[in-house]
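See structure below.
The values are calculated or read from the model by the stated rules, or taken from the named source; none is laboratory data. Keep in mind that what you see is a predicted model, and the values were worked out from it rather than measured. Here the Cβ positions follow ideal geometry from the backbone for every residue, glycine too, while neighbour counts run over all protein chains shown.
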Amino acid sequence: MLTRGGNAIDAAVAVAFALAVTYPEAGNLGGGGFMLVALADGRTAAIDYRETAPRRVDEALFLDARGAVDQERRAFGHHAVGVPGTVAGLAEAHRRFGTLPFAALVEPARRLAEEGIVVQPALAAGLAEHARDLARFPASAAQFLHADGTPVEAGERLVQRDLGNSLRWIAEGGAAAFYDGPIAALIAAEMARAGASLDARDFAEYRPIVRDVLAVRHRGAELLLMPPPSSGGVALAQMVALLAPFELRREGGFTPRARHLFAEASRRAFADRARWLGDPEASAIPVAMLLDEAHLAPLRATIDPQRASRSDAFGPPLAEPRGSSTTHFSIVDAAGNAVANTYTLEERFGGKLVAPGTGFLLNNELQDFNPQRGVTTRDGQIGTEPNLARGGRRPLSSMTPCIVRRDGEVVLVTGSPGGRTIISTVTQIVFDVLEFETPLPQAIARPRQHHGWFPDALRHEAALEEATRTALATYGHVVEPAKQRWQGDAHSIARDPTSGVVQAVADDRVEGWAAAPPDEAPPR
Ligand code: DON
């Protein structure tokens with residue numbers, strides 16, 4: 001799209017449609033996300049295309065007859081599906097900022113679907129891992145599995161005819177084809193068949209919301225962030241503000257002391273997240289209060305540079321219960337326009353459900369609502385009011401697309417998948433670049449950590465050096481390897497406004513590439 005004269009937004013819309021074909025575990029038409037835009041002329045926008053709960057949903061959505069959380073209902077199939085926002089969000093981004101015809105942005109994706117793609121190892125591995133659950137739903141099985149139930153393998157050609165057809169409808173009819181046309185009708189019919197509440201009116205009422213970016217300053221740079229219903233922007237802003245007076249740049253990098261203080265800032269930001277954050281359309285979210293020094297200074301004063309705190313001391317009161325996937329891409333064009341886009345189906349391949357005739361997986365995003373009122377546990381389950389399920393509400397997200405500007409010029413574009421760890425990954429990268437002036441490739445490669453308040457543990461990537469782990473344990477942290485060996489997949493771009501040099505860094509943790517129009521790519 002850049003080669004054809006389009007801008008970064010055109011490219012982002014085309015990439016988002018294409019990933020719905022080539023990376024169906026997270027790239028999507030059936031999910032939602034956030035797109036941050038920073039234009040070279042200074043304008044910015046935060047496009048919120050998060051899924052919404054169907055009108056007829058209430059906070060008991062995931063409770064069984066005894067009031068216990070029904071994990072099956074959260075994870076699979078119909079009841080966890082929020083109204084998908086992706087197509088509306090991409091159409092809105094194009095309407096406001098795009099320059100090429102919308103159909104031209106959808107066309108490559110349609111071709112990839114109809115002509116087929118050669119299955120890459122990451123997709124094959126994902127399908128192999130989830131084949132049994134995809135097999136629960138006939139249209140999902142028909143799309144991704146062989147007739148005998150085995151998954152499509154690496155090197156095979158995957159043709160997705162129904163998806164190609166949906167993309168053709170979208171290219172021709174725009175977002176209306178999705179929300180007021182054949183696609184909404186097909187999904188509503190499948191929902192009705194299963195007794196789920198999502199219906200055609202929920203689709204017709206869906207709107208993307210273009211919000212003001214959340215902008216904060218750190219070390220002379222301006223951080224452009226996603227406001228609620230993302231929790232990531234507020235948490236990242238709180239973390240850098242909590243850490244600023246510690247002058248960690250004197251440490252010269254992520255030393256054990258820097259990692260300890262980072263975990264303490266993170267513990268407190270996640271406690272506030274649990275207590276305060278949710279959909280701003282549904283209840284008042286006190287963002288200004290949370291970022292005010294009047295709130296942050298006393299919180300900072302509780303940080304002991306020598307000793308880990310206990311998470312019990314922060315956040316909403318705890319009660320005991322009665323009983324990865326997302327993807328991010330960053331784009332910068334020659335004019336200096338930038339897009340940071342993170343979008344998701346919630347879990348890998350969402351709730352594993354394809355509605356017959358549509359060709360794409362539906363999200364299980366409603367799982368991001370707090371499942372049980374009042375039940376906030378040491379395991380990390382949260383039960384506070386602002387993020388209980390309600391009709392029309394958007395579930396709280398951790399997605400944290402981020403664009404950093406200096407003197408009005410874009411210098412960094414980043415973001416990541418990884419559920420709640422997204423916030424830790426993105427904050428760590430941004431902090432690394434701004435505070436320690438670490439070059440982007442090293443900041444991306446550096447072993448990551450996560451402290452999410454509860455569980456009260458400092459989790460780290462397998463690559464974190466033994467000596468650092470031991471040192472962190474001596475501060476009193478419960479130091480544990482993350483369940484997966486890696487945390488996040490943060491495809492990012494650094495830009496030097498003076499030279500105009502753009503450095504794209506593909507995170508090699510999951511899968512991804514850097515690409516540029518031929519005349520702009522450096523010689524090999
Ligand atoms: O919006 C959120 O915070 C989650 N639904 C994101 C899930 C996720 O990142 C899973 N994958 N890596």
Selection status of residue 10, farther than 21 Å from residue 169 by Cβ and acidic (Asp, Glu): no
Residues that are acidic (Asp, Glu) and buried (at least 17 other Cβ atoms within 10 Å of the Cβ), drawn from segment 447-493: 456, 461, 489
Pairs returned, first residue in segment 422-435 that is among the aliphatic types (A, V, I, L, M), second residue that is surrounded by fewer than 24 Cβ atoms within 10 Å (Cβ to Cβ), beta-carbon separation under 6 angstrom, 6 or more apart or interchain, are 434/218; 434/219; 434/221
Give segment 389-413 a look and list any residue that's within 16 Å of the ligand (Cβ to nearest atom) and over 24 Å from residue 425 (Cβ atoms), or say none. 389, 393
Out of (1) within 16 Å of the ligand (Cβ to nearest atom); (2) of a type in the set (Phe, Trp, Tyr); (3) under 19 Å from residue 328 (Cβ atoms); (4) at pLDDT 95 or above, the one residue 486 does not meet is (4)
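Residues are listed down the side, and each one gets a yes or a no for (1) over 30 Å from residue 464 (Cβ atoms); (2) more than 16 Å from the ligand (Cβ to nearest atom); (3) basic (Lys, Arg); (4) surrounded by 24 or more Cβ atoms within 10 Å (Cβ to Cβ):
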residue: 183; (1), (2), (3), (4): yes, yes, no, yes
residue: 187; (1), (2), (3), (4): yes, yes, no, yes
residue: 218; (1), (2), (3), (4): no, yes, no, no
residue: 231; (1), (2), (3), (4): no, no, no, yes
residue: 238; (1), (2), (3), (4): no, yes, no, yes
residue: 248; (1), (2), (3), (4): no, yes, no, no
residue: 273; (1), (2), (3), (4): no, no, yes, yes
residue: 283; (1), (2), (3), (4): yes, yes, no, no
Looking for something within 16 Å of the ligand (Cβ to nearest atom), out of contact with any Phe, Trp or Tyr (no Cβ under 9 Å at 6 or more places or on another chain) and assigned to a helix (DSSP H, G or I) - is there at least one such residue anywhere in segment 455-462? no
Just give me the residues in segment 62-104 being surrounded by 23 or more Cβ atoms within 10 Å (Cβ to Cβ) and among the β-branched types (Val, Ile, Thr), in sequence order. 81, 83, 86, 87
Keeping to segment 40-62, report how many residues are of a type in the set (Asp, Glu) and out of contact with any Gly (no Cβ under 8 Å at 6 or more places or on another chain). 2
For segment 503-524, give me each residue that is of a type in the set (Val, Ile, Thr) and at pLDDT below 95. 510
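Listed here are the residues, each with its yes/no results for (1) out of contact with any His (no Cβ under 9 Å at 6 or more places or on another chain); (2) away from the ligand (no atom under 16 Å from the Cβ); (3) on the phi < 0 side of the Ramachandran plot.
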residue	(1), (2), (3)
2	yes, yes, yes
7	yes, yes, yes
10	no, yes, yes
14	yes, yes, yes
24	yes, no, yes
30	yes, no, yes
34	yes, no, yes
40	yes, yes, yes
45	yes, yes, yes
Of the numbered conditions (1) within 29 Å of residue 57 (Cα to Cα); (2) not assigned by TED's automatic domain parsing to the domain that holds residue 41, residue 358 satisfies every one except a single condition; which is it? (2)
Condition broken by residue 19, with the remaining ones in (1) modelled with pLDDT of 95 or more; (2) assigned to a loop (DSSP other than H, G, I, E, B) satisfied: (2)
Output for Cβ contacts, cut-off 7 Å, separation at least six or different chains, first residue among the polar types (S, T, N, Q) and outside any helix (DSSP H, G or I) in segment 159-174, second modelled with pLDDT of 95 or more and surrounded by 17 or more Cβ atoms within 10 Å (Cβ to Cβ), reads 160/21; 160/113; 160/143; 160/359
Go over the candidates 81, 106 one by one and state the one that is part of a loop (DSSP other than H, G, I, E, B), closer than 30 Å to residue 392 by Cβ and among the aliphatic types (A, V, I, L, M). 81
Out of the residues in segment 349-380 that are of a type in the set (A, V, I, L, M) and more than 13 Å from the ligand (Cβ to nearest atom), which is farthest from residue 78 (Cα to Cα)? 375
Just one of (1) surrounded by fewer than 21 Cβ atoms within 10 Å (Cβ to Cβ); (2) modelled with pLDDT of 95 or more trips up residue 122, so point out which. (2)
With criteria (1) within 15 Å of the chain's Cα centre (by Cα); (2) among the small types (Gly, Ala, Ser); (3) away from the ligand (no atom under 16 Å from the Cβ), residue 325 comes up short on (3)
